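To start, the structure under review is shown below, and the notes come after it.
The values are calculated or read from the model by the stated rules, or taken from the named source; none is laboratory data. What you see is a predicted model; the values in this text were computed from it and never measured. Every residue, glycine among them, receives a Cβ derived from its backbone with ideal geometry; neighbour counts consider all protein chains shown. The accessibility values were calculated without ligands, DNA or RNA, using every heavy atom of the protein model including side chains. Shrake-Rupley method; radii C 1.70, N 1.55, O 1.52, S 1.80 Å.
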Amino acid sequence: MNYYDNIKQELINNEIYKKVKDYSKNRNDLETYYKVGKILFDAGKHYGDSIIKEYSKRLTEELGKGYSTTNLKYMRQFYLLIEKGQPMVDQLTWSHYTILLSIKDENKRNYYINECIKNNLSKRILIQKIKLNEYERLDENTKLKLNNKEEINIEDLIKNPIIIKNKGYEIISEKILKQLILEDLDNFLTELGDNFTYVGNEYKIKIGDRYNYIDLLLFNIEFNCYVVIELKITELKAEYIGQIKKYMNYIDKNIRKINMNQTIGIIICKKENDFVMEYCSDDRIFSSKYILI
């Protein structure tokens, strides 16, 4: 078998297809690279791994850029991934796959594949999520649920720690912390999880004859509930739990509609305190620490 000619013909056919079938060229890209990967795998069994370097040089001379040794190795790796049972997802581009193929942990890779599909992630955003160790910051129980395809709750996808970008502030107060969040609100909502929307900050409520102010009030569309966020620059204390419960109860009584689920609360603090969380019996309240980068 002339492995090289077969590879070259597959790639030429793909370039022609791109010009006349734009609407489905991504799927054809993936199918082409899968076929090329298979041929490279078979050729490697006969000629060894060095054959890829030879083929890369010849393809670049005859067809132009895009067929580096690295890219051909990605194609072979892509073929092996699909052969192991990973579905070929045509919502992902080849650029997505070249990033995902570098992830050896299957569960981690599947997490990012699902994130790409669900949220239509660009390559740039995908790289950013991986660099920020988004998967690693999920709770171990959440990872188990994802691996077993179990139902996910609102608290499962809250990252721990939450990453907040610091734009040069030296003294951190709750006011500054909130300002950092509001200046990069999209990123903060993503850190919390999926389908969070912004309602307001310093949200004014009246309890008895006194006004109180909720640091951040959000709404989660998927779980159909309000989310009260309290920001603290110290470790978690018992009085913080009492405070956020008071706010949650107010929202439930005065703002929540009859068709909505109960309000939940999230306390974002400087450092977790497991003892306090064990003491707290309200499973609607969650705690996550934050780090500034």
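Can you name every residue in segment 185-208 that is of a type in the set (D, E, K, R), surrounded by 16 or more Cβ atoms within 10 Å (Cβ to Cβ) and under 22 Å from THR234 (Cα atoms)?
If the condition is that a residue be of a type in the set (D, E, K, R), surrounded by 16 or more Cβ atoms within 10 Å (Cβ to Cβ) and under 22 Å from THR234 (Cα atoms), then GLU191 is the only one that fits.
Can you find a residue in segment 9-24 that is under 30 Å from the mean Cα position of the chain (by Cα) and within 30 Å of GLU136 (Cβ to Cβ)?
no
Taking ASN141 as meeting all but one of (1) closer than 24 Å to ILE267 by Cβ; (2) open to solvent by less than 50 Å² (accessible area, probe 1.4 Å); (3) assigned to a helix (DSSP H, G or I), write down the number of the exception.
(2)
Mind checking which residues of segment 144-158 are hydrophobic (A, V, I, L, M, F, W, C) and assigned to a helix (DSSP H, G or I)?
LEU144, LEU146, ILE154, LEU157
Looking at segment 97-107, which of its residues are buried (at least 19 other Cβ atoms within 10 Å of the Cβ) and either within 19 Å of PHE196 (Cα to Cα) or not hydrophobic (A, V, I, L, M, F, W, C) (or both)?
TYR97
Which members of segment 80-126 meet the condition of being polar (S, T, N, Q), assigned to a helix (DSSP H, G or I) and modelled with pLDDT of 90 or more?
Passing the criteria: SER95, THR98, ASN107, ASN110, ASN114.
Sort out which residues of segment 176-195 are farther than 15 Å from ILE267 by Cα and charged (D, E, K, R), and write them in order of number.
Scanning segment 176-195 gives GLU183, ASP184, ASP186, ASP194.
Starting from segment 136-158, take each residue that is in contact (Cβ under 8 Å) with a residue 12 or more places away in the chain and list its partners that are in a loop (DSSP other than H, G, I, E, B), counting only C-beta distances under 6 angstrom and pairs at least six apart or across chains.
Cβ pairs passing all conditions: ARG137/LYS159; ARG137/ASN160; ILE154/PHE223; LEU157/GLY193; ILE158/GLY193.
Report the residue count in segment 159-196 for those that are in contact with a Lys or Arg (Cβ under 8 Å, 6 or more places away or on another chain), touching a residue at least 24 places away in the same chain (Cβ under 8 Å), within 17 Å of ILE291 (Cβ to Cβ) and part of a loop (DSSP other than H, G, I, E, B).
Going through segment 159-196 one residue at a time, the tally reaches 3.
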